[in-house]
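The values are calculated or read from the model by the stated rules, or taken from the named source; none is laboratory data. What you are looking at is a predicted structure, and each value in this text was computed from that prediction instead of being measured. Backbone-built Cβ (ideal geometry, glycine too); neighbour counts: all protein chains shown. To get the accessible areas, we keep the full protein, side chains included, count just its heavy atoms, and leave off ligands, DNA and RNA. Shrake-Rupley method; radii C 1.70, N 1.55, O 1.52, S 1.80 Å.
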Amino acid sequence: MSLPIRLLIVDDHPVVRDGLRGMFTGDPDFEVVGEARDGAEALALAAHSRPDVVLMDLRMPGMDGVTAIGRLVGSGSPAKVLVLTTYDTDADVLPAIEAGATGYLLKDAPREDLVRAVRAAARGEAVLSPSVAGRLMGRLRAPAEEPLSHRELEVLAMVAKGTSNREAAARLFISEATVKTHLLHVYAKLGVNDRAAAVAVAYDRGLLTPGGR
């Protein structure tokens, strides 16, 4: 007879923890070895309770789930992390997967799906909710972002500082028409339609930094 799968439940909401504990405690194939309210507590519990699978929420006060996943994986823990959260945006999904999560499920998943996902995670298999799988596939199929050239970055940095096309042309010793052409290329590569949007996207992607380029 195989040993039960050891579970650590991590969520800042007591009601969620209670519900998950009740779900798995009634099944002899599982053993809940601990509950944590945030990432820091999860790391401490995982160190001595040695779970097979960690059910990890993402957005928690104190240490968040992504940070906890990264530290757990970095510590060499053999535990598999199955994210169980309400959110499926790129800002939540991608960092969690990159940090080392084995799977990603939403809290509205049916009980049968969750139990099946925990079993699969314990075997080291990747488990993704349909919406998350679709989002990741969309990212993989999307065309790669074309990088901005050195001159395009120079023009964009000047635009970010409020420089007009004429002033940028004078400083770079090029024509005003050439500045406009560079900006059109920038808009196309960043997927925007105007100067303000281009600057905002550039800051968001780290192409520009406050006080410099």
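Total residues in region 78-101 satisfying the condition of being within 21 Å of R21 (Cβ to Cβ) and touching a Lys or Arg at 6+ places or on another chain (Cβ under 8 Å): the figure is 4. Of everything in region 188-209, what is in a helix (DSSP H, G or I) and either among the charged types (D, E, K, R) or crowded, with 16+ Cβ neighbours inside 10 Å (or both)? Give them in sequence order. Matches in region 188-209: K189, L190, R195, A198, V199, V201, A202, D204. If you go through region 55-73 and keep only what is open to solvent by 20 Å² or more (accessible area, probe 1.4 Å) and part of a loop (DSSP other than H, G, I, E, B), you end up with R59, P61, G62, M63, D64. Among residues belonging to region 74-98 that are out of contact with any helix residue (DSSP H, G or I) (no Cβ under 7 Å at 6 or more places or on another chain) and assigned to a helix (DSSP H, G or I), point out the one that is nearest to A47 (Cα to Cα). Step by step, filter region 74-98, then rank; the result is G74. Among the residues making up region 136-150, a single one is within 13 Å of L207 (Cα to Cα) and either surrounded by 14 or more Cβ atoms within 10 Å (Cβ to Cβ) or modelled with pLDDT of 95 or more (or both): L148. Applying the condition of being under 16 Å from A133 (Cβ atoms) and open to solvent by 10 Å² or more (accessible area, probe 1.4 Å) to region 74-97 and asking which residue is modelled with the lowest pLDDT yields D90.
Within region 1-18, take every residue that is open to solvent by 40 Å² or more (accessible area, probe 1.4 Å) and outside any loop (DSSP other than H, G, I, E, B) and give me the one that is nearest to V33 (Cα to Cα). Looking at residues that are open to solvent by 40 Å² or more (accessible area, probe 1.4 Å) and outside any loop (DSSP other than H, G, I, E, B), I get R6. Screening region 38-54 for residues that are closer than 24 Å to R119 by Cβ and among the charged types (D, E, K, R) and picking the one that is least open to solvent (accessible area, probe 1.4 Å) gives D52. Within region 158-178, if we keep just the residues that are hydrophobic (A, V, I, L, M, F, W, C) and assigned to a helix (DSSP H, G or I), the residue that is surrounded by the fewest Cβ atoms within 10 Å (Cβ to Cβ) turns out to be A177. Only one of the numbered conditions (1) part of a helix (DSSP H, G or I); (2) open to solvent by 60 Å² or more (accessible area, probe 1.4 Å); (3) at pLDDT 95 or above is violated by E31, and that is (1).
For R50, the conditions (1) in contact (Cβ under 8 Å) with a residue 40 or more places away in the chain; (2) within 21 Å of L128 (Cα to Cα) all hold with the exception of (2).
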